[in-house]
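Just below is one structure, and these are the notes that go with it.
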Amino acid sequence: MALPPSHPSRLKYVSLGVLVLQTTTLVLTMRYSRTLKEDGPRYLASSAVVSAEMLKILTCFLLVFVENNYSLRAMNLLLKEEIVNKPVETMKLAVPAGIYTLQNNLLYVALSNLDAATYQVTYQLKILTTALFSVSMLGKKLGLYQWLSLLLLMAGVTLVQWPSESAGEQKVLTAGSQMVGVMAVLMACVSSGFAGVYFEKILKETKQSVWVRNIQLGLFSFVLGFLGMMVYDGRSVRQSGMFQGYSAITCTVVVLQAVGGLVIAVVIKYADNILKGFATSASIMVSTLISYFLLNDFKPTG
Ligand code: C5P
């Protein structure tokens, strides 16, 4: 029997599929945008994070507007009721917002220092952190095969990171950068697991619209991201503006990042964080092939 398009079960698989596509394109575009040789200054990663947040918030407002049958009045009432009149509920979203902001910045650090394939494989450790947080915070139970898959995943990640014996001079020179990249990814793994499960808990414990929740999350993320940008790149922003160095490819990264956030919110609501992890790891193979054949920045060793 054909399911209506908004049926939760269909939404679950459609959103998981879209996530695979989105993750692959985002990683490759981000890596490409950070390695592209351009005249003039490169765009500020901290500014791209802020732009993506702005785009997400605007889209969520639009979606809440649609959910309220295109009535501005109904939308205003709902937002006032849910966001302004429930400060405690709203404040709860400050936690994942802060963590995600840090994580979104770490991602750029990682991809400025690691090739797309290594980054992708290492970042899959977040499946393990997510499972651990799901078990401890949501009381999820995992079967033997599920735990075994997680261990296998860890073994894979370790192998990828194993230093090769033939490390030449070139390798030694970039070892520091590699280390920075790996540390950034590992921190992002812990943050991803915790923030994802925390958000899942909030979404599933209340029946509030996922878009309203995302506006709450986005507002905090925007403020924190903006502060981060001013602290980190303030001088540069005052000198040449927030959008310095933006090109078509930068805008693509920002849009992909924003779309990703929204798709993830839907996935967390209709599936869960563990399934989300396996969906994104399906994009590893695609990223690896493209990194090797098209970008030429990955040479697979034994
Ligand atoms: O790698 P990971 O799956 O943890 O990435 C989650 C991404 O989704 C982050 O960039 C985060 O900002 C975004 N997100 C979002 N809205 C949510 C949940 C996550 O924008 N409700």
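For S33, are the conditions met, namely being among the polar types (S, T, N, Q), more than 15 Å from the ligand (Cβ to nearest atom), open to solvent by 20 Å² or more (accessible area, probe 1.4 Å) and under 30 Å from S247 (Cβ atoms)?
no
Taking the criterion of being assigned to a helix (DSSP H, G or I), crowded, with 18+ Cβ neighbours inside 10 Å, within 12 Å of the ligand (Cβ to nearest atom) and not β-branched (V, I, T), would at least one residue in segment 226-249 satisfy it?
no
Answer with yes or no whether F222 is open to solvent by 50 Å² or more (accessible area, probe 1.4 Å) and within 12 Å of the ligand (Cβ to nearest atom).
yes
State all residues of segment 98-122 that are polar (S, T, N, Q) and under 22 Å from I290 (Cβ atoms); if no residue qualifies, say none.
S112, N113, T118, Q120, T122
Output yes when any residue across segment 41-49 is open to solvent by 60 Å² or more (accessible area, probe 1.4 Å) and farther than 24 Å from V263 by Cα, and no when none is.
Yes, segment 41-49 contains at least one residue that is open to solvent by 60 Å² or more (accessible area, probe 1.4 Å) and farther than 24 Å from V263 by Cα.
So, in segment 55-75, of the ones that are in contact (Cβ under 8 Å) with a residue 12 or more places away in the chain and touching a Leu at 6+ places or on another chain (Cβ under 8 Å), which residue ends up farthest from the ligand (Cβ to nearest atom)?
This residue is V64.
Say whether the condition of being assigned to a helix (DSSP H, G or I), without any contact (Cβ under 8 Å) to a residue 40 or more places away in the chain and not β-branched (V, I, T) is met by at least one residue in segment 209-222.
no
Being charged (D, E, K, R) and in a helix (DSSP H, G or I) is true for just one of K141, K80. Which residue is that?
None of the others qualify; the one that does is K80.
Looking at (1) away from the ligand (no atom under 11 Å from the Cβ); (2) surrounded by 15 or more Cβ atoms within 10 Å (Cβ to Cβ); (3) closer than 21 Å to K126 by Cβ, which is the only condition M285 fails?
All conditions are met except number (2).
Out of segment 257-277, which residues are open to solvent by less than 30 Å² (accessible area, probe 1.4 Å), over 20 Å from L150 (Cβ atoms) and under 13 Å from the mean Cα position of the chain (by Cα)?
Passing the criteria: Q257, A258, G260, G261, L262, V263, A265.
Of all residues in segment 94-149 being of a type in the set (K, R) and more than 15 Å from the ligand (Cβ to nearest atom), which is surrounded by the fewest Cβ atoms within 10 Å (Cβ to Cβ)?
K141
Of L36, L19, which residue is in contact (Cβ under 8 Å) with a residue 60 or more places away in the chain and closer than 20 Å to V259 by Cβ?
Exactly one of L36, L19 is in contact (Cβ under 8 Å) with a residue 60 or more places away in the chain and closer than 20 Å to V259 by Cβ, namely L19.
Which condition breaks for G193 when tested against (1) in contact (Cβ under 8 Å) with a residue 12 or more places away in the chain; (2) open to solvent by 10 Å² or more (accessible area, probe 1.4 Å); (3) not polar (S, T, N, Q)?
Going through (1) in contact (Cβ under 8 Å) with a residue 12 or more places away in the chain; (2) open to solvent by 10 Å² or more (accessible area, probe 1.4 Å); (3) not polar (S, T, N, Q) one by one, G193 breaks only (2).
Which one of these is surrounded by fewer than 17 Cβ atoms within 10 Å (Cβ to Cβ), in a helix (DSSP H, G or I) and touching a Ser or Thr at 6+ places or on another chain (Cβ under 7 Å): T301, T280, T252?
Only one candidate passes the filter, namely T252.
The values are calculated or read from the model by the stated rules, or taken from the named source; none is laboratory data. Keep in mind it's a predicted model, so treat the numbers as computed, not measured. As a convention, Cβ positions derive from the backbone with ideal geometry for all residues, glycine included, and neighbour counts pool all protein chains shown. Accessible surface is based on the protein model in full, side chains and every heavy atom, while ligands, DNA and RNA are left aside. Shrake-Rupley method; radii C 1.70, N 1.55, O 1.52, S 1.80 Å.
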